[in-house]
1. Could you give the dipole magnitude of the chain about its Cα centre, charging the beta-carbon of Lys and Arg +1 and that of Asp and Glu -1, in debye to the nearest 20?
2. Quantify, in whole percent, the carbon and sulfur part of the accessible surface of the chain (1.4 Å probe; protein heavy atoms only).
3. Just to confirm a number: summing +1 for Lys and Arg and -1 for Asp and Glu over residues other than A157 whose beta-carbon lies under 13 angstrom from that of A157, what do you get?
4. What does the charge count around A175 come to, taking other residues whose C-beta lies under 13 Å from its C-beta (Lys +1, Arg +1, Asp -1, Glu -1)?
5. Determine, at each q value in 0.11, 0.17 (inverse angstroms), the log₁₀ of I(q)/I(0) that the Debye formula gives when each Cα of the chain is one equal point scatterer.
6. Just the accessible area per residue of the range 17-167, please: how many Å² with a 1.4 Å probe?
7. Given the -39500 (n - 2.57) contribution per DSSP H run of 4+ residues, what per-residue ellipticity at 222 nm results for the chain, rounded to the nearest 500 deg cm²/dmol?
8. Local charge sum around E99 (other residues, Cβ-Cβ under 14 Å, Lys/Arg +1, Asp/Glu -1)?
Amino acid sequence: MTRTPDQVPQRPAAQRPAEQQRADARQNRVRLIAAATQAFADKGADAPLEDIARRAGVGIGTLYRHFPTRLDLQAAVFRNQVVSVCGEGDALLDTATPEQAFAAWMRSLNAYLVTKRGLSHALIEAVGIESELISSCWVAMRETTERLLRNGQEAGAIRSDVSATDVMRLVHGVAVSTERAPDRADALLSIMLDGLRARP
């Protein structure tokens, strides 16, 4: 007896393994954070979420599954960038002399503060400067500064009467004061670094 097409048993659709689905989700999250980082840099903290999803190559629904609100996405970008810049700072301890490492960190920190100024303002307004997000990221940057400063001080390259908080205040001052004159940032950082060098 010949079976009709309706009677032929249908093979069930292959299900994607849960591990593959989780891997895809992680990749989508990474792509969304990278796309948002660029979009916030290009268009500010209010960059359209649809544009971010398009840059990441995913649908807007995927964006909302990972980041239900704009604030969630902004916070993820902020944390990711702090981890990244602090990682670069720590790597300098192994790749440069103490004085060179400290100088490079000052310039990296200044560049970070300049590029993330709009995003940090948006987050501070939303969650407060005393929030876990802002305070933990500030602590991470201060601790990285402490490691590079101590490295320079122990080598006799950086004066011993300054603290990491002092250094961060100085760099923050350069970032704020050169917001409308970015071409002066490097010169001011050089003057600051000259003042921080240890004297015989």
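The values are calculated or read from the model by the stated rules, or taken from the named source; none is laboratory data. The model shown is predicted, which means the values in this text are computed figures rather than measured ones. All Cβ positions, glycine included, derive from the backbone under ideal geometry; neighbour counts span all protein chains shown. The accessibility values were calculated without ligands, DNA or RNA, using every heavy atom of the protein model including side chains. Shrake-Rupley method; radii C 1.70, N 1.55, O 1.52, S 1.80 Å.
1. Computed charge dipole of the chain: roughly 640 debye.
2. Details: 6250 of 11950 Å².
Answer for the chain is 52 percent, counting heavy atoms of protein chains only.
3. +1
4. On the way: positive: R107, K116, R117, R169, R180, R184; negative: E179, D186.
It works out to a net charge of +4.
5. Summing over Cα pairs of the chain leads to -0.63, -1.13.
6. 51 Å²
7. Value at 222 nm, helices only: -24000 deg cm²/dmol.
8. Spelling it out: positives minus negatives among the neighbours equals +3.
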